[in-house]
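The values are calculated or read from the model by the stated rules, or taken from the named source; none is laboratory data. Predicted model, so just to flag it, every value in this text is computed and none were measured. All Cβ positions, even for glycine, are placed from backbone atoms using ideal geometry, and neighbour counts span all protein chains on display.
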Amino acid sequence: MSYVDEVIEQVVAQNPAEPEFHQAVKEVLESLRAVVEANEEVFRRDALLERLVNPERQFKFRVPWVDDKGQVHVNTGYRVQFNSAIGPYKGGLRLHPSVNLGIIKFLGFEQIFKNSLTGLPIGGGKGGSDFDPKGKSDREIMAFCQSFMTELCKYIGADTDVPAGDIGTGAREIGYMFGQYKRIRGLYEGVLTGKGLSYGGSLARTEATGYGLLYFTDEMLKCNGKSIKGATIAVSGAGNVAIYAIQKAQQLGAKVVTASDSTGWIYDKDGIDVELLKEVKEVKRARLTEYAAARPSAEYHEGRGVWSIPVDIALPCATQNELHLEDAKQLVANGCYAVAEGANMPTTLEATEYLQKNGILFAPGKASNAGGVATSALEMSQNSERLSWTFEEVDGKLQNIMVNIFHNLDDAAKRYGMEGNYVAGANIAGFEKVVDAMTAQGIV
């Protein structure tokens, strides 16, 4: 049995009931086969893949908090510090009822390669809790965040582990967590990113993942003889990533016709009105039915269906495994020519393979949505310098990083005879840098 197959079997056996983690490891290691086979003897001797798929450390802790009626609740908190070969651990904190150890491990594992691709000195980590911020008062959110940080603060720091936001963790939650860290540790340092502008946050951080997705997609299309200008685009999601992906796509001359949330989706034949979408989702925190009610050109549909609309480009920006094989078949049949992931692993393995086999330009999330973590690392730089950069400075750096990521993974794919396979290219380009650092630092 090959070394890759041995390690995949080992991961499945040692991490039962963690399907998302199995999927992430399998997807990465399968695409690294050519690199591993070329160095199999050394990699096997140094147990390099085993060290890569096992987190350096992981924490699981209880988070007790009191609601507005005086009732005590207990949630579970997690932080997985996966790999620090190229820098301090970096990755978001997800607050969502679906959070469990397997999901945090899948996200942390992906983060190793994503962070490596940015070219910035940051390692891979992830954390979060099964707490649901929806429907909670500000005081209840604060109570949870303070309790969560009371435990987490023991394991993080500006040069150790720098968490950020993720699903359910926005500026409000980061603010409460930062305040509690400062209060307990007595340190004013860049320990969290995604902070408010008044206390060390970075301009363009809010827009970064969505904008970065479009900078990457634009470069990928240009290098394949296509243009984003005049294209019709389907976007899933209606959160931070989706909103700013829609905004940047329209600035680049495309027309975005869909958005979705957990209960349904909208099709707007005239193109999504970003300001109205922001008002519904960010100000009112309401459902997309309100968007459709306020806009005559929009139709609201319950359930799934974003990928049924004929478009040129699809940008899944909601959550993991949201684009299935049937969706991929529908996109291909409708003439779609590019899919770029704005969320983490939103496309199932079967759907990814189908899209690639049918000649679709497919950009994996660890490359195309790396703009968020790249700008988080730029926030870390500003905190270290005690400086703030302008929006234009940060946005310019972000655009350069995303263009460079595309060319690095494109070159890696070509080097191993897999031209156009951007999944393999991203994994190889990210892997090579991490492995060089791990090898140089000895068996640690």
- Report yes if Gly135 is farther than 21 Å from His96 by Cβ and free of Cβ contacts under 8 Å to residues at least 60 places away in the same chain, otherwise no. no
- Item | From Ser236, Ser202, Ser227, residue being in contact with a Pro (Cβ under 7 Å, 6 or more places away or on another chain) and either farther than 28 Å from Asp130 by Cα or small (Gly, Ala, Ser) (or both) | Ser236
- Message: Give me the helices (runs of 4 or more DSSP H) completely within the stretch 26-90, filtered to those with at least 1 residues that are out of contact with any Ser or Thr (no Cβ under 8 Å at 6 or more places or on another chain) and surrounded by fewer than 14 Cβ atoms within 10 Å (Cβ to Cβ), ordered by residue number.
- Response: 33-38, 40-45
- Query: Picking from Asn83, Asn75, Asn15, which residue would you name as being over 17 Å from Gly128 (Cα atoms), in the same structural domain as Val99 (by TED's automatic domain parsing), touching a residue at least 60 places away in the same chain (Cβ under 8 Å) and within 24 Å of the chain's Cα centre (by Cα)?
  - Reply: Asn83
- Item | Tally, over the stretch 113-133, of residues that are within 20 Å of Leu213 (Cβ to Cβ), not in a strand (DSSP E or B) and not aromatic (Phe, Trp, Tyr) | 8
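For every residue, the table says whether it meets (1) buried (at least 22 other Cβ atoms within 10 Å of the Cβ); (2) outside the structural domain of Phe82 (by TED's automatic domain parsing); (3) over 21 Å from the mean Cα position of the chain (by Cα); (4) not basic (Lys, Arg).
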position: Phe391; (1), (2), (3), (4): no, yes, yes, yes
position: Lys397; (1), (2), (3), (4): no, yes, no, no
position: Phe406; (1), (2), (3), (4): yes, yes, no, yes
position: Lys414; (1), (2), (3), (4): no, yes, yes, no
position: Glu432; (1), (2), (3), (4): no, yes, no, yes
position: Gly442; (1), (2), (3), (4): no, yes, yes, yes
- Looking only at the stretch 252-266, decide whether some residue is of a type in the set (Asp, Glu) and either in contact with a His (Cβ under 7 Å, 6 or more places away or on another chain) or buried (at least 22 other Cβ atoms within 10 Å of the Cβ) (or both). no
- Query: Taking His301, is it in contact with a Gly (Cβ under 6 Å, 6 or more places away or on another chain), more than 25 Å from Cys223 (Cα to Cα) and either modelled with pLDDT of 95 or more or not assigned by TED's automatic domain parsing to the domain that holds Lys126 (or both)?
  - Reply: yes
- Look at the stretch 267-281 and say how many of its residues are farther than 17 Å from Ala314 by Cβ, crowded, with 17+ Cβ neighbours inside 10 Å and not aliphatic (A, V, I, L, M). 2
- Query: When Glu275 is evaluated against the numbered criteria (1) over 23 Å from the mean Cα position of the chain (by Cα); (2) in a loop (DSSP other than H, G, I, E, B), which criterion, by number, is the only one it fails?
  - Reply: (2)
- Item | Total residues in the stretch 116-146, condition over 30 Å from Ser84 (Cβ atoms), surrounded by fewer than 19 Cβ atoms within 10 Å (Cβ to Cβ) and among the small types (Gly, Ala, Ser) | 2
- Query: What single numbered condition from (1) touching a helix residue (DSSP H, G or I) at 6+ places or on another chain (Cβ under 7 Å); (2) hydrophobic (A, V, I, L, M, F, W, C); (3) part of a loop (DSSP other than H, G, I, E, B) fails to hold for Val99?
  - Reply: (1)
- Quick one: which strands (runs of 3 or more DSSP E) lie wholly within the stretch 198-270 and hold at least 2 residues that are over 18 Å from Ile167 (Cα atoms)? 232-236, 264-268
